[in-house]
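First comes the structure, then the notes that go with it.
The values are calculated or read from the model by the stated rules, or taken from the named source; none is laboratory data. Because the structure is predicted, anything quoted here is derived from the model rather than measured. With ideal geometry, Cβ positions are generated from the backbone for all residues, glycine too; neighbour counts draw on all protein chains shown. For the accessible areas, the whole protein counts, side chains as well, though only heavy atoms, and no ligand, DNA or RNA atoms are used. Shrake-Rupley method; radii C 1.70, N 1.55, O 1.52, S 1.80 Å.
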Amino acid sequence: MKKELIQLQHISKSFGGNQVLDDLNLSIHENSFVTLLGPSGCGKTTILRIIGGFEHPDEGKVIFDGQDITGMAPNKRQLNTVFQKYALFTHMDVAENIAFGLKIKNKPSSYIKDKIKYALKLVNLEGFEHRMPNSLSGGQQQRVAIARAIVNEPKVLLLDEPLGALDLKLRQDMQYELIRLKNELGITFVYVTHDQEEALTMSDHIVVMNQGYIQQEGSPEKIYNEPENAFVADFIGDSNIIHATMVRDKLVNILGTNFECVDTGFGENNPVDVVIRPEDIELVPRGKGTLPAVVTGVIFKGVHYEMDVEAGGYEWLVHSTRLNEVGSEVDISVDPFNIQVMNKPESEDEEALSVEDA
Amino acid sequence: MFSNRKTSVIMSSPYLAWALIFIIVPIGMIFYYGLTDTTGAFTFKNIAAIAQPEHAKALWLAVELAVISTLICFLLAYPLGMILARNKMSSEGILTTLIILPMWMNFLLRTLSWVTLLENRGVLNSILGALHLPQLHIINTPAAIVVGMVYDFLPFMILPIYNSLAKIDDEVINAAQDLGANKFQTLWRVILPLSAPGIISGVTMVFIPSLTTFAISSMLGGSKILLIGNVIEQEFTLTYDWHLGSGLSLILMIFIVINMVVSMLSDQKED
Ligand SMILES: Nc1ncnc2c1ncn2[C@@H]1O[C@H](COP(=O)(O)OP(=O)(O)O)[C@@H](O)[C@H]1O
Ligand SMILES: [Mg+2]
């Protein structure tokens with residue numbers, strides 16, 4: 001297990017009467033790419049600002065490299081931030097922007113020169129030294145903001161939705177650039193986004209949040225394949241989330257039909273939620289599957305067909321490369337290990353767990 | 001297109017006429033009088049008259065007092081602008097009451113009220129007397145003129161500085177701190193340069209009227225202290241030497257043009 005570089009311990013924060021974070025605990029390991037993922041307004045930026053020192057928690061501690069830095073001023077912390085709107089110094093050219101932190105630390109000018117060169121190469125902006133920030137595109141400004149941060153050799157880079165303002169193509173390019181950068185620098189990235197695809201692509205570790213509460217943490221695969229509750233299942237990709245009853249271990253009753261599954265430990269005849277990914281549902285000829293169904297809609301998506309299927313009084317979402325025409329009478333079949341059983345939300349965090357339309 | 005242009009000419013004609021009658025013609029007349037003598041012959045002597053000791057002294061004193069009051073206005077306005085810009089929510093109300101409201105009061109009345117305050121037997125000295133503190137004799141001194149200038153022109157410094165400070169994104173200030181800058185370094189390297197356009201227009205808007213005033217200096221400076229504005233005023237209203245008055249006005253205009261060029265250049269750099 002890698003060393004814990006940052007620990008947030010029992011952090012609470014409210015603005016006015018609005019409780020944004022409530023007794024939040026989070027550990028960030030050295031050299032990991034950690035993503036805070038959640039819908040807008042769930043408190044991601046607030047967590048990042050607390051780590052950066054721009055916001056002070058009402059309660060709790062921030063531990064950095066074993067040291068309590070809760071009250072430390074931002075300029076004393078060994079980490080740097082890439083701000084959501086870049087926040088470049090518009091009165092300085094690109095080179096001066098990048099040199100800012102180094103000049104503050106009184107580094108020799110030859111060192112600063114080398115660093116500017118190195119950083120511009122790293123972010124693919126060679127030759128941009130004397131451009132003014134306002135003459136650059138959003139993507140280029142973003143790279144300058146990253147270069148400006150990394151020349152200071154922080155142990156941790158905090159990035160707040162750094163790709164949010166870019167168009168899709170550029171965003172995808174930048175995702176790979178950031179992963180490359182992270183590997184080259186060998187430092188810890190704490191990344192904030194509300195885009196689940198981005199989180200799945202880039203992270204080693206994802207922290208899914210809703211309304212200030214951590215819903216689930218883990219590797220992208222784990223988060224995607226084994227969501228622990230309906231919120232996570234719904235937020236990470238398209239899913240069928242269905243109320244069901246756990247008949248006994250390894251058998252769940254979905255919409256009146258028993259399905260075999262692999263989950264155990266949910267008791268007998270207990271209400272649960274099940275999540276089934278659209279690509280895990282097979283449509284087979286009538287009589288060959290578990291649950292009779294009728295195709296009610298088809299959209300061609302390029303890679304696959306997206307089909308709406310009515311079965312047992314529920315509208316299922318199915319992804320398949322094989323087309324079934326509208327009106328086809330088929331059966332739904334699901335492999336047992338593709339049925340993910342989850343506990344129903346419990347009272348305390350119920351509100352935070354409630355599935356909202358994204 | 002054609003009809004559009006025609007309409008725009010018709011629409012703007014009142015303003016063009018206004019500009020012609022009240023700006024172009026007077027300036028033309030000042031140039032005419034300033035560059036001619038009583039016979040109507042071309043001459044530079046009205047302009048060269050600035051070299052006469054009493055004129056040079058008046059100009060120098062005017063520049064000196066204008067620089068001092070501009071500096072004081074800046075030192076008062078900048079911190080106030082920072083405080084107001086940092087609390088944007090509540091600022092608008094405070095800004096109006098504190099700064100705009102006094103501006104609605106007549107400028108001469110406001111200046112006159114300082115006479116009452118600063119007089120040897122005025123309000124200030126009565127208070128000092130009641131507190132058994134030494135009396136202040138500043139009426140009819142350059143100090144009283146500076147007080148008047150600062151009071152009258154301070155709003156013109158505060159407003160542009162506040163505007164340029166309010167435009168600075170908080171995140172930019174956070175970014176400076178994130179990169180290791182302390183409060184002073186943030187002010188010096190980020191906030192001050194970013195508010196330079198506001199500082200330049202504030203300085204212009206205080207310096208020019210301070211340099212050219214004759215009302216403040218004649219009310220608070222008594223008859224003995226003459227600024228260049230007073231000299232010019234006297235040439236027009238007492239001596240009736242319009243040629244000399246215009247010649248000296250042209251000298252002042254040089255200062256104004258320099259100031260305008262500087263602020264225009266800094267505006268261009270912004271874009
Ligand atoms: N400075 C602030 N003053 C008042 N409310 C704030 C402030 N910052 C954040 N909030 C509130 O806190 C909540 C979480 O905000 P934020 O951390 O920015 O969410 P996210 O980054 O996940 O979108 C929101 O409801 C937001 O309105
Ligand atoms: Mg945010």
Completion exercise
Matching residues in the stretch B:237-254 (open to solvent by less than 60 Å² (accessible area, probe 1.4 Å) and not aliphatic (A, V, I, L, M)) number 6
Problem - Residue selected from the stretch B:159-176 under the condition open to solvent by 20 Å² or more (accessible area, probe 1.4 Å) and hydrophobic (A, V, I, L, M, F, W, C), by the criterion farthest from the other protein chains (Cβ to nearest Cβ) - result: B:159
Exercise for the section: Go through the stretch A:23-43 and count every residue that is open to solvent by 10 Å² or more (accessible area, probe 1.4 Å), within 12 Å of ligand 1 (Cβ to nearest atom) and at negative phi. Expected result: 2
Exercise for the section: Kindly indicate the residue of the stretch A:203-230 that is open to solvent by less than 10 Å² (accessible area, probe 1.4 Å) and in contact with a helix residue (DSSP H, G or I) (Cβ under 6 Å, 6 or more places away or on another chain) and also farthest from ligand 1 (Cβ to nearest atom) among those meeting that condition. Expected result: A:227
Problem - Flag for residue A:13 being farther than 22 Å from residue A:149 by Cα and either away from ligand 1 (no atom under 13 Å from the Cβ) or touching a residue at least 60 places away in the same chain (Cβ under 8 Å) (or both) - result: no
Fill in the blank from the handout: Picked from the stretch A:134-147 (must be within 11 Å of another protein chain (Cβ to nearest Cβ) and out of contact with any Leu (no Cβ under 7 Å at 6 or more places or on another chain)), the residue least open to solvent (accessible area, probe 1.4 Å) is A:135
Practice task
Check B:127, B:145 and return the single one that is crowded, with 22+ Cβ neighbours inside 10 Å, more than 14 Å from chain A (Cβ to nearest Cβ), at negative phi and not charged (D, E, K, R).
Solution key: B:145
Practice task
Please work out if residue A:195 is under 12 Å from the mean Cα position of the chain (by Cα), surrounded by fewer than 17 Cβ atoms within 10 Å (Cβ to Cβ) and within 16 Å of ligand 2 (Cβ to nearest atom).
Solution key: yes
Completion exercise
Of the residues in the stretch A:51-78, those that are away from ligand 2 (no atom under 16 Å from the Cβ), in a helix (DSSP H, G or I) and surrounded by 14 or more Cβ atoms within 10 Å (Cβ to Cβ) come to A:74, A:75
Practice task
Restrict the check to the stretch A:96-108 and report whether at least one residue is within 14 Å of another protein chain (Cβ to nearest Cβ), part of a loop (DSSP other than H, G, I, E, B), under 24 Å from residue A:188 (Cα atoms) and among the small types (Gly, Ala, Ser).
Solution key: no
Exercise for the section: Residue by residue through the stretch B:50-94, note down the ones that are of a type in the set (Ser, Thr, Tyr), in contact (Cβ under 8 Å) with a residue 40 or more places away in the chain and either out of contact with any Ser or Thr (no Cβ under 6 Å at 6 or more places or on another chain) or outside the structural domain of residue B:227 (by TED's automatic domain parsing) (or both). Expected result: B:70, B:78, B:91
Practice task
Give the number of residues within the stretch A:283-297 that are surrounded by 18 or more Cβ atoms within 10 Å (Cβ to Cβ) and part of a strand (DSSP E or B).
Solution key: 4
Fill in the blank from the handout: Residues in the stretch B:177-202 that are crowded, with 22+ Cβ neighbours inside 10 Å and among the charged types (D, E, K, R) total 1
Practice task
Give the residue, chosen from A:218, A:256, A:212, that is over 16 Å from residue A:314 (Cα atoms) and either in contact with a Lys or Arg (Cβ under 9 Å, 6 or more places away or on another chain) or not assigned by TED's automatic domain parsing to the domain that holds residue A:43 (or both).
Solution key: A:212
Handout entry: Count of the stretch A:12-50 residues which are more than 18 Å from residue A:60 (Cβ to Cβ) and either among the hydroxyl-bearing types (Ser, Thr, Tyr) or near ligand 2 (Cβ under 10 Å from one of its atoms) (or both)
Key = 5
Fill in the blank from the handout: All-but-one check, residue B:179 against (1) out of contact with any Pro (no Cβ under 6 Å at 6 or more places or on another chain); (2) away from chain A (no Cβ under 14 Å), failing number (2)
Fill in the blank from the handout: Residue set A:81, A:35; condition within 10 Å of chain B (Cβ to nearest Cβ), assigned to a strand (DSSP E or B), within 18 Å of residue A:157 (Cβ to Cβ) and within 24 Å of the chain's Cα centre (by Cα); output residue A:81
Problem - Residue check, residue A:20 within 12 Å of ligand 1 (Cβ to nearest atom), surrounded by 15 or more Cβ atoms within 10 Å (Cβ to Cβ), of a type in the set (A, V, I, L, M) and in a strand (DSSP E or B) - result: yes
Completion exercise
Residues in the stretch B:42-54 that are open to solvent by less than 40 Å² (accessible area, probe 1.4 Å) and more than 12 Å from residue B:249 (Cβ to Cβ) total 1
Handout entry: Options B:156, B:184; residue that is at pLDDT 95 or above, more than 10 Å from every other protein chain (Cβ to nearest Cβ) and in a helix (DSSP H, G or I)
Key = B:184
